[in-house]
Amino acid sequence: MSVQPLRIGVIGAGTVGREVVRALLDRSPRLQPADGAPLVLAGVAVRNVERAIAAGVPEELLTDAPAHLVASDEIDVLVELAGGDEPARTLIAAALGTGKAVVTANKHVVAHHGAELERIAREAESPLRFEAAVAGGVPVLGPLALDLAANRVARVRGIVNGTTNYMLTAMAREGREYADVLEDAQARGYAEADPTADVEGLDAVNKLVILARLVFGHWLAPEAIGNRPGTTRGEAGSPGITGVTADDVAALAAEGRTIRLLATARLAEDGAIEASVVPTALPGGSAFGRCDGVLNRIEVDAAPVGRVAFEGPGAGGAATSSAVLGDLVAVARGQGSTWAGLPAATARSRIEVRPVAGECVAAPSGACYPVGD
Ligand code: HSE
């Protein structure tokens, strides 16, 4: 018996989109699961059609109107790789509402509109998959929702932004300021088009919201998660890594510490969730301290399993396309949404979110970096 092919419409042919399109054009038969539908590229929506034709995308697949892919009866799965808030949110919601499966790498939309999108997906019974939204090519959401589903998670921590990790690594190795190494990170395709979200920790906040949804069952409000370390004077410091200086990096290195932008969410005894994304002073020899460059690392402390770690390439087109394509294979196998069999999320208004408490270490800039292990 032949299985109906899964017709895929891709929105966006940027860093990740062009890798996904290329894979679907070049090796679609190899992506077909033995127990699922063939994957067929049926449409690609881009801003600049001429440029996409020049890059080798067949003209007959191209459109500059993403809404046409959403409305088309000849598309079964929407792959949203355009990023940003709107129109991505509306396109994803509309596709889910009309029964299409959606695969996205859009951590902003998933983190900010996850509760609404989950509700629509559940009501319409349309799969919504977003493995690529956290830690690029590192499979972490799938294992959290499936293989670790029998656990009670106490804490999830991670280096989840490749750009800032690349920059902090370069600052430590070469003694350069973060502004000097940012351009380099952008040239390598790690940074967002607007790198503010990377360097201010907002991209990592979005990823922490998504991780927290899977391990704690709530969609946290991104704006409730602090992204500023304290200062020695007691006030909030600069957002993300923007206040980290080469002097801070060197002074902490002299004490055997490494600064990493660490995203942490843990369950407090009173049921609140403590969550922060701040540059953190970690032992240089620790697993997080040794997690260099564009690598991401996520550790989950859970019972009964203990500590489980995930590490690998967290950004860039090739790595992120791996997660998108994996999600397409999952859709082809009828595996449902990324949250798999987890219960529906509870409303964010019912959860108290407060910063992660703990000691900090003073640095020359006046920042006081939380101490991690
Ligand atoms: N700018 C992001 C990062 C891309 O550096 O991690 C992957 O989400």
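Restricting to the range 84-118, name every residue that is basic (K, R) and either assigned to a helix (DSSP H, G or I) or more than 26 Å from V138 (Cα to Cα) (or both).
Matches in the range 84-118: R89, K107.
Looking only at the range 326-340, how many residues end up being within 16 Å of the ligand (Cβ to nearest atom) and within 20 Å of A42 (Cα to Cα)?
Final tally of qualifying residues: 2.
Looking at the range 239-246, can you tell me whether even one residue there is assigned to a helix (DSSP H, G or I) and surrounded by fewer than 20 Cβ atoms within 10 Å (Cβ to Cβ)?
Scanning the range 239-246, I find at least one residue that is assigned to a helix (DSSP H, G or I) and surrounded by fewer than 20 Cβ atoms within 10 Å (Cβ to Cβ), so the answer is yes.
If I go through the range 168-198 residue by residue, how many of them are within 10 Å of the ligand (Cβ to nearest atom) and part of a helix (DSSP H, G or I)?
4
Only residues that are open to solvent by 20 Å² or more (accessible area, probe 1.4 Å) and not in a strand (DSSP E or B): list them for the range 287-304, please.
Result: A287, R290, D292, V294, P304.
Could you please find all residues in the range 298-318 being under 29 Å from A170 (Cβ atoms) and not β-branched (V, I, T)?
E299, R307, A309, F310, E311, G312, P313, G314, A315, G316, G317, A318
Please note which helices (runs of 4 or more DSSP H) are completely contained in the range 1-83 and include at least 2 residues that are in contact with a Ser or Thr (Cβ under 6 Å, 6 or more places away or on another chain).
The qualifying helices (runs of 4 or more DSSP H) are 17-31.
With respect to S276, is the statement that it is more than 14 Å from Y166 (Cα to Cα), among the polar types (S, T, N, Q) and not assigned by TED's automatic domain parsing to the domain that holds V156 true? Please lay out each step first, then the result.
Working: more than 14 Å from Y166 (Cα to Cα): yes; among the polar types (S, T, N, Q): yes; not assigned by TED's automatic domain parsing to the domain that holds V156: no.
So S276 does not fit the description; no.
Do we have P33 as in contact with a Pro (Cβ under 9 Å, 6 or more places away or on another chain) and surrounded by fewer than 21 Cβ atoms within 10 Å (Cβ to Cβ) here?
When the stated conditions are applied, P33 does not pass them.
Out of the range 58-71, which residues are within 16 Å of R7 (Cβ to Cβ) and of a type in the set (A, V, I, L, M)? Reasoning before the result, please.
As a first pass, look at the range 58-71 and keep what is within 16 Å of R7 (Cβ to Cβ): 58, 60-63, 66, 68-71.
Hits for the range 58-71 are L61, L62, L69, V70, A71.
Which one is nearest to the ligand (Cβ to nearest atom) among residues in the range 150-167 that are open to solvent by less than 50 Å² (accessible area, probe 1.4 Å) and either in a loop (DSSP other than H, G, I, E, B) or among the acidic types (D, E) (or both)?
Top of the filtered list is N161.
Does N206 meet the test of being in contact with a strand residue (DSSP E or B) (Cβ under 7 Å, 6 or more places away or on another chain), within 15 Å of the ligand (Cβ to nearest atom) and open to solvent by 10 Å² or more (accessible area, probe 1.4 Å)?
Here the answer is no, as N206 does not meet what is asked.
Can you tell me which residue in the range 305-334 is surrounded by the most Cβ atoms within 10 Å (Cβ to Cβ), limited to those that are in contact with a Leu (Cβ under 9 Å, 6 or more places away or on another chain) and in a loop (DSSP other than H, G, I, E, B)?
Among those residues, the one meeting the criterion is G314.
Being among the β-branched types (V, I, T) and either away from the ligand (no atom under 11 Å from the Cβ) or in contact with a Leu (Cβ under 7 Å, 6 or more places away or on another chain) (or both) is the filter here; which residues of the range 129-149 pass it?
Selection gives V134, V140.
Of the residues L62, L69, L41, L96, which single one is open to solvent by less than 40 Å² (accessible area, probe 1.4 Å) and in contact (Cβ under 8 Å) with a residue 60 or more places away in the chain? Spell out the reasoning first.
Working: L62 fails: in contact (Cβ under 8 Å) with a residue 60 or more places away in the chain; L41 fails: in contact (Cβ under 8 Å) with a residue 60 or more places away in the chain; L96 fails: in contact (Cβ under 8 Å) with a residue 60 or more places away in the chain.
Sole residue among the options that is open to solvent by less than 40 Å² (accessible area, probe 1.4 Å) and in contact (Cβ under 8 Å) with a residue 60 or more places away in the chain: L69.
Taking the options L282, L295, L328, name whichever one is touching a residue at least 24 places away in the same chain (Cβ under 8 Å) and more than 27 Å from M171 (Cα to Cα).
Only one candidate passes the filter, namely L328.
The values are calculated or read from the model by the stated rules, or taken from the named source; none is laboratory data. Keep in mind that this is a model prediction, so the values were computed, not measured. When we count neighbours, we look across all protein chains shown, and the Cβ atoms used for this are built from the backbone with ideal geometry, even at glycine. Just the protein is used for accessible areas: all its heavy atoms, side chains included, with ligands, DNA and RNA removed. Shrake-Rupley method; radii C 1.70, N 1.55, O 1.52, S 1.80 Å.
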